[in-house]
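Structure first, commentary second.
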Amino acid sequence: MKKLLFGIAILAVALVANAQRGQGFRGMMRGPMGSITRADVQAELKLTDDQKDKITNLTDFQQNMPKFQAAMQEAGLSRDDFQTEAGQKKMRAVMEKIQAQQKKDIEAVLTPDQVKRWNEVSIQLDGNSAILQPEIAKALGITDDQKAKIQDLQKVQMDAMRSMGEKMRNQELTMEEFQAKRKKNDEVMDAELGKLLTDAQKAKLKEMGGKKFEKKDDGGGN
């Protein structure tokens, strides 16, 4: 159990590698799940107070932690798995499954127009990193060769995040230093992913983002 809990702690750190700007559970998720609690995004979607309350309940980190634990146990993941490429791949699969269900639950709270705009805004916030979402990769026609290169980049980033997480746990890094390094890693990852895309894929990704979203740097609080 201790190994599992340690693994979950490292998972939490690793997930921050996929962070968009923000705090709480949204800061650990990519794509739509990383944007729905942003105040500026909620304003763009014109959410009602009732919708905001329901989304808060669905995205609360403490409420979702048991799902992480149960999913990891079901997948047979332990601390040692976080040190291997196969284990990391399994971990990503677990998270994709959890996020897919959570996205489905949130979409049930939104209107069809809100869902469409939510996905567009999320693509803009993610930039090139949007291609890490399976449905986006499929829409862009990401090739097997591109997928292999993306996985290599993810492994490098995951290894870096794990190392940073260990240093923070050992008090070799402050939270501020960790966040600064994470942000730099995110920027490098986004740039490297962009290099893998063809001009046609870049154009398609921009088109999928819809009309320009005027974001606030801090996500508008919330």
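The values are calculated or read from the model by the stated rules, or taken from the named source; none is laboratory data. Predicted, not measured: the structure shown is a model, and the values here were computed from it. Note: ideal-geometry Cβ built from the backbone for every residue, glycine included; neighbour counts use all protein chains shown.
Checked against the criterion of being in contact with a helix residue (DSSP H, G or I) (Cβ under 9 Å, 6 or more places away or on another chain) and free of Cβ contacts under 8 Å to residues at least 12 places away in the same chain, the candidates 174, 143 yield just one match: 174. From the list 173, 153, the lone residue that is surrounded by 13 or more Cβ atoms within 10 Å (Cβ to Cβ) and more than 24 Å from residue 89 (Cα to Cα) is 173. In the set 148, 71, 75, only one residue is over 15 Å from the mean Cα position of the chain (by Cα) and loosely packed, with under 14 Cβ neighbours inside 10 Å; that residue is 148. A single member of 121, 115, 156, 94 is of a type in the set (Val, Ile, Thr) and in contact (Cβ under 8 Å) with a residue 40 or more places away in the chain, and it is 121.
Residue-by-condition table, conditions (1) modelled with pLDDT of 90 or more; (2) among the charged types (D, E, K, R):
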position	(1), (2)
167	no, yes
171	no, no
181	no, yes
201	yes, no
